[in-house]
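The values are calculated or read from the model by the stated rules, or taken from the named source; none is laboratory data. Small disclaimer: the values here were computed from a predicted structure and weren't measured. In this analysis, Cβ positions are derived from the backbone assuming ideal geometry, glycine residues included, and neighbour counts consider all displayed protein chains. Side chains are part of the model used for accessible areas, which takes the heavy atoms of the whole protein and leaves out ligands, DNA and RNA. Shrake-Rupley method; radii C 1.70, N 1.55, O 1.52, S 1.80 Å.
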Amino acid sequence: MADLTEDPNPVVDVDGLLNNQEHNKTQEENNNNSNSQLKGKSAVLRKDREENSSKNQNQAERDTASVHRSGSRPQLELCKAAIEGNFEEKDPTILLPNQSDDLSYLALDIGGSLIKLVYFSRHEGQSIDDKRKKTLKERLDISNGTRRSYPILGGRLHFVKFETTKINECLDFIRSKQLHRGGHHWNAEAPANENAVIKATGGGAFKFADLFKERLGVSLDKEDEMDCLVAGANFLLKAIRHEAFTHIEGRKEFVQIDHNDLFPYLLVNIGSGVSMIKVDGDGKFQQVSGTNVGGGTYCGLGRLLTKCKSFDELLELSQRGDNRNIDMLVGDIYGGMDYSKIGLSASTIASSFGKAISDNKELEDYSPEDISLSLLRMISYNIGQIAYLNALQFGLKRIFFGGFFIRGHAYTMDTISFAVHLWSQGDAQAMFLRHEGFLEALGAFMSYEKHGLDDLMVHQLVERFPMGAPYTGGKIQGPPLGDLNEKISWMEKFVLKGIEITAPVPMAPPPGTTGLGGFEVPSSKGSTLRSDASALNVGVLHLVPTLEVFPLLSDPKTYEPNTIDLADHNELEYWFTVLSGHLPDLVDKAVASEGGTDDAKRRGDAFAHAFSAHLSRLIEDPAAYGKFGLANLLELREECLREFQFHDAYRSIKQRENEASLAVLADLFAELDSMSEETRLLSLIEGVLAANIFDWGSRACVDLYHKGTIIEIYRMSRNKMQRPWRVDDFDLFKERMLGSGDKKPQPHKRALLFVDNSGADIVLGMLPLARELLRHGTEVVLVANSLPALNDATAMEVPDIVAEAAKHCDILRRAAEAGSLLVDDMINPSDSSKENSSSVPLMVVENGCGSPCIDLRQVSSELAAAAKDADLIILEGMGRALHTNFNARFKCDALKLAMVKNQRLAVKLIEGNIYDCVCRYEPAS
């Protein structure tokens with residue numbers, strides 16, 4: 001767990017622009033192995049392509065007939081898109097897991113004020129050609145005809161914007177990333193293809209067509225704005241879990257939309273004017289109303305009345321305004337009294353600018369700040385009212401607002417929400433979209449291939465929050481950060497100068513603000529509005545084709561992984577302190593993992609400041625990154641480490657602890673084998689709980705490492721194990737495993753063991769338990785992280801641990817052979833076939849994540865396949881069994897095991913103390 005050291009406010013723009021360094025790494029890997037990746041599905045993909053080549057060819061011909069594009073450009077696969085981040089954008093990138101071709105696409109929405117870009121970048125693949133993986137896939141039947149065949153590569157969708165007046169900067173950006181040539185897939189030195197086409201919408205698609213042709217050698221293929229607007233909104237509402245939110249009295253709450261019950265809805269797009277569109281389905285919509293009083297009205301009147309020159313300047317003025325000096329309130333009419341009979345409070349606006357009627361003042365006598373706020377509220381309120389009246393006419397309960405006018409501005413959203421709530425008497429809600437500024441650009445992007453929307457699954461969109469453009473002094477300083485060196489240099493530059501670095505996101509109103517929708521009098525105006533408040537923080541959207549919903553969840557729709565809700569500000573502050581305290585140790589380990597070089601030290605310092613900036617942003621606005629739980633926060637830390645190229649900070653520690661634990665494993669097996677079955681089962685569960693003490697994510701446990709060796713600490717923990725434990729369902733589990741009286745137990749068919757830490761935790765805890773299940777005839781699947789997180793064991797490391805353990809145990813050896821965990825040269829030819837055919841297998845699968853916690857809405861296809869025949873789940877460790885999934889219910893038997901190593905969690909969950917034990921058994925629901 002990690003956080004800030006020196007600077008309490010260092011900041012990272014959470015924008016989501018593509019990390020060039022990662023982009024280049026992807027290119028290098030792709031060049032080395034062009035036929036690789038996404039978890040060993042290349043053979044399936046080739047077969048799928050052959051079977052569907054005719055269909056794809058027909059589709060390509062239809063597309064070419066309607067839009068003339070370069071014949072050599074690969075096709076885009078949009079199925080199962082998802083959000084990810086941690087690169088360089090304010091608006092999250094979308095991952096395209098089913099994208100099998102190496103390509104980049106770019107689409108533009110060129111408006112009068114802003115140019116919005118949506119572009120695709122290729123996702124890194126991983127080679128899985130080894131025999132072990134192939135055999136596992138065959139055993140789990142991943143490649144059968146009933147399962148979807150996933151492509152080799154995935155990808156990301158990135159969101160970027162430029163001021164239209166700075167179109168040359170936009171063109172330079174496109175050229176620098178070679179987006180007009182299909183990104184890195186194209187030879188940057190080759191002449192431009194005269195048929196190259198970029199999808200575009202907005203008036204600028206006509207206005208600047210010649211400029212794009214002249215500067216980039218590409219043609220702009222114009223798409224209808226309304227088509228793009230609706231397509232973009234439908235995509236986001238179907239595909240992104242926390243895309244829609246309400247905003248009332250400064251509080252942001254995310255709304256989960258069931259994409260099967262999405263239509264119909266009213267889409268209100270607020271640009272210069274306002275369009276109101278009734279959306280009945282994909283491609284089914286009609287504009288039902290609108291108003292010419294919109295963002296252009298606010299900006300135009302604002303310039304005339306205040307002399308401001310920009311929309312942002314007006315918003316900044318409004319942040320310091322007091323509308324009571326200009327607006328006539330209900331209290332002004334009724335002598336300070338409410339008009340309670342019709343539900344109006346004294347501070348409700350009766351007439352915008354009404355006081356100017358009787359005041360003997362000239363325009364210059366009024367404060368520009370007051371004028372700006374009154375004007376903003378007047379226009380926002382009327383848009384909200386008109387929108388509700390249209391929704392009422394068509395019987396629509398859902399109203400989504402988007403467009404350049406909103407720009408993530410808290411008072412604007414509050415005012416619209418107030419109007420909708422007031423006139424509907426609470427029956428309707430105003431909802432807003434995190435990507436509201438990119439709807440048309442996203443729709444234009446999707447027009448490359450009009451398919452796959454119905455297959456979009458929210459769990460396959462993963463959002464990450466990367467660094468973005470340098471942001472200091474209230475302004476974005478220069479272009480988005482490109483590569484790793486730029487990020488490090490920027491951090492060093494501003495930290496050295498002592499300049500406050502803050503996350504470039506809109507500020508929520510201060511906690512002291514009162515009143516609905518800004519109609520009540522604010523008690524505090526807060527600080528100056530940031531000039532980039534044109535969007536909420538959204539990360540890079542990653543589409544991961546191998547992520548699926550865990551099929552054994554009892555009710556996936558109600559499943560919530562996070563036990564800790566960081567929307568509770570006290571919880572967030574507590575974990576901020578915990579992560580901050582752990583940061584120096586984490587940085588030390590990360591730097592040591594890279595050899596302690598000067599370069600590693602620079603990256604370590606930059607990581608500390610970058611992650612601290614994310615935490616500072618969340619303290620300021622807990623909803624800035626969407627609905628955020630502890631699992632998300634811990635994963636954000638790991639993503640931030642990887643962003644600064646620390647891919648496994650605890651690598652050497654894990655190796656050392658594994659070796660120490662394996663050295664005493666044979667003695668432990670001998671001890672266990674001398675026990676009766678009942679005594680052995682209790683000792684095994686005690687062993688798992690005792691071994692779970694080894695957790696480098698816990699401050700208390702880190703302190704233990706200074707008091708003894710790993711084996712000494714394990715023995716101490718075993719000796720102190722006293723029942724009853726704080727949560728003690730062992731007797732229920734024992735009855736299920738061993739039976740009672742004359743009742744004989746039925747062995748489980750397959751058990752999924754979610755392993756936690758390396759060293760004693762897996763070697764002395766989970767492997768002996770797995771061995772016992774194998775002894776009972778149960779297939780065992782060890783489920784481990786796909787990517788490193790703290791000292792957690794990874795799926796890449798576990799087979800080697802099993803292979804070493806198998807040297808001390810025939811049960812493990814035979815099961816590992818049956819599960820293809822042992823490579824050929826480790827098997828003794830003389831006994832390679834002995835009892836192998838009758839042995840149940842021991843297998844290893846990756847879980848699809850790189851965090852100490854796990855969200856079971858996003859697991860690997862391997863794990864989903866392994867789960868289909870499983871009737872026992874064992875979740876072990878604080879992260880997987882307590883921080884997440886403590887309250888999860890499953891269709892099969894579940895055992896949750898953990899030693900509590902956090903006092904706050906102990907009190908909150910089990911009314912216990914640190915080092916209390918949890919053994920929670922839940923029969924199939």
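What part of the accessible area of the stretch 561-693, given as a whole %, is carbon or sulfur when the probe is 1.4 angstrom? Spell out each step's value before the answer.
Working: 2110 of 4420 Å².
Solvent-exposed carbon and sulfur of the stretch 561-693 make up 48 percent of the total.
Computed FRET efficiency, Cβ-Cβ of Glu138 and Ala666, R0 30 Å: what is it to the nearest 0.05?
On the way: r = 32 Å, r/R0 = 1.08.
Efficiency for this residue pair is about 0.40.
Could you state how much accessible area Asp599 has, in square angstrom rounded to the nearest 10, with a 1.4 Å probe and all protein chains kept in place?
Taking all protein chains as shown, Asp599 has close to 70 Å².
Please give the length that would be gained between Leu732 and Tyr574 if that part of the chain were fully extended, namely 0.36 nm times their separation in residues minus their C-alpha to C-alpha distance (nm, one decimal). List each step's numbers first, then the result.
Working: separation 158, 0.36 × 158 = 56.88 nm, distance 3.53 nm.
Full-extension gain reported as 53.3 nm.
Longer than 20 Å from Cα to Cα, which of Lys161/Lys284; Lys252/Lys278; Lys238/Lys284; Lys749/Lys868; Lys557/Lys896; Lys177/Lys213 are they? Say none if no pair is.
Values: Lys161/Lys284 28 Å; Lys252/Lys278 25 Å; Lys238/Lys284 15 Å; Lys749/Lys868 11 Å; Lys557/Lys896 22 Å; Lys177/Lys213 17 Å.
Checking Cα-Cα distances, Lys161/Lys284; Lys252/Lys278; Lys557/Lys896 exceed 20 Å.
Assuming R0 = 60 Å, what is the FRET efficiency of Asp598 and Ser674, from their Cβ-Cβ distance, to the nearest 0.05? Can you show the working numbers first?
Values: r = 54 Å, r/R0 = 0.90.
E(calc), rounded to 0.05, equals 0.65.
Which one of Tyr388, Leu376, Met337 is farthest out on the positive end of the charge dipole of the stretch 336-390, using unit charges on Cβ (Lys, Arg +1; Asp, Glu -1) and the Cα centre as origin?
Tyr388
Counting only other residues whose beta carbon sits under 14 Å from that of Pro923, what net charge do I get with K and R as +1, D and E as -1? Don't skip to the end; give the middle numbers.
Values: positive: Lys734, Arg736, Arg889, Lys891, Lys896, Arg920; negative: Asp729, Asp731, Glu735, Asp871, Asp893, Glu922.
Summing Lys/Arg as +1 and Asp/Glu as -1 gives 0.
Let me check I've understood the local charge: for Ala350, count other residues with C-beta under 11 angstrom from its C-beta, Lys and Arg +1, Asp and Glu -1. What total comes out? Show your work: numbers first, answer last.
Working: positive: Lys355; negative: Asp327, Asp332.
Its environment carries a net charge of -1.
Taking 0.36 nm per intervening residue step and subtracting the Cα-Cα distance, what contour gain separates Asp869 from Glu169 on full extension?
246.5 nm
Between beta-carbons, use under 9 Å as the cut-off and find the net charge around Asn323, counting Lys and Arg +1, Asp and Glu -1. Walk me through the numbers on the way to the answer.
Numbers: positive: Arg324, Arg377; negative: Asp322, Asp327, Asp370.
It works out to a net charge of -1.
Kindly sort Lys891, Lys355 by accessible area of their heavy atoms, largest first, with the probe set to 1.4 Å.
Working: Lys891 110, Lys355 50 Å².
Largest accessible area first, the list is Lys891, Lys355.
Which length gain, in nm to one decimal place, applies between Phe206 and Leu363 when the Cα-Cα distance is subtracted from 0.36 nm times their residue separation? Walk me through the numbers before you get to the answer.
Working: separation 157, 0.36 × 157 = 56.52 nm, distance 3.98 nm.
Extra length from Phe206 to Leu363 when fully extended: 52.5 nm.
Could you list the residues of the stretch 356-385 with an amide nitrogen less than 18 Å from a label point located 7 Å from the Cα of Tyr339 in the Cα-to-C-beta direction?
356-358, 378, 381-382, 385
How much of Asp565 can a 1.4 Å solvent probe reach, expressed as accessible area in Å² and rounded to 10?
In the full protein context, Asp565 sits at about 90 Å².
For the pair Gln645/Gln746, report the inter-label distance in nm, with labels modelled 7 Å from Cα in the Cβ direction.
5.6
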